[in-house]
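Structure, as structure tokens:
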């Protein structure tokens, strides 16, 4: 596992459908990008030093931006097909 500041650390939940933990990597103390990482967690803005386990992945800043763009596109498509009119939800 290798990272650089600005990447994201994503830790999968311990069971199916459990929420994942996400945090932005603030500091990497090894020259090759290996752990530990200093991470600011999005859930509570807590900063901690992390040695990620096998349930964690690093997502680059570019990959994160691309995923956010895909999510916005999906949301916009759904919003175009569903609208509210006179207090009733209509599907086009």
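Extension gain, residue 76-residue 16: 0.36 nm per intervening residue step, less the Cα-Cα distance, totals 18.8 nm. Measuring nothing but how far apart in sequence close Cα pairs (under 8 Å, 6+ apart) lie, relative to its length, segment 1-59 scores a relative contact order of 37 percent. A Gaussian network model of the chain, with springs between Cα atoms under 10 Å, assigns the largest mean-square fluctuation among 79, 70, 24 to 79.
Using a Gaussian network model of the chain in which every pair of alpha carbons under 10 angstrom is joined by a spring, one finds that among 72, 40, 80 the greatest mean-square fluctuation is at 80.
Where only DSSP H runs of four or more residues are counted, the chain gives -8000 deg cm²/dmol as its mean residue ellipticity at 222 nm, each run worth -39500 (n - 2.57). Against the longest principal axis of the chain, how steep is helix 61-81, in degrees 0 to 90 to the nearest 10, with axes from Cα atoms? So the inclination is approximately 10 degrees. Here are several values of mean projected area of the Cα convex hull in nm²: [x] 8.2; [y] 7.6; [z] 5.5. Which one was derived from the coordinates shown? For mean projected area of the Cα convex hull in nm², the calculated option is [x].
Where a number appears in this text, it was derived from the coordinates with a stated rule and is not lab data. Note that this is a predicted model, so its numbers are computed, not measured.
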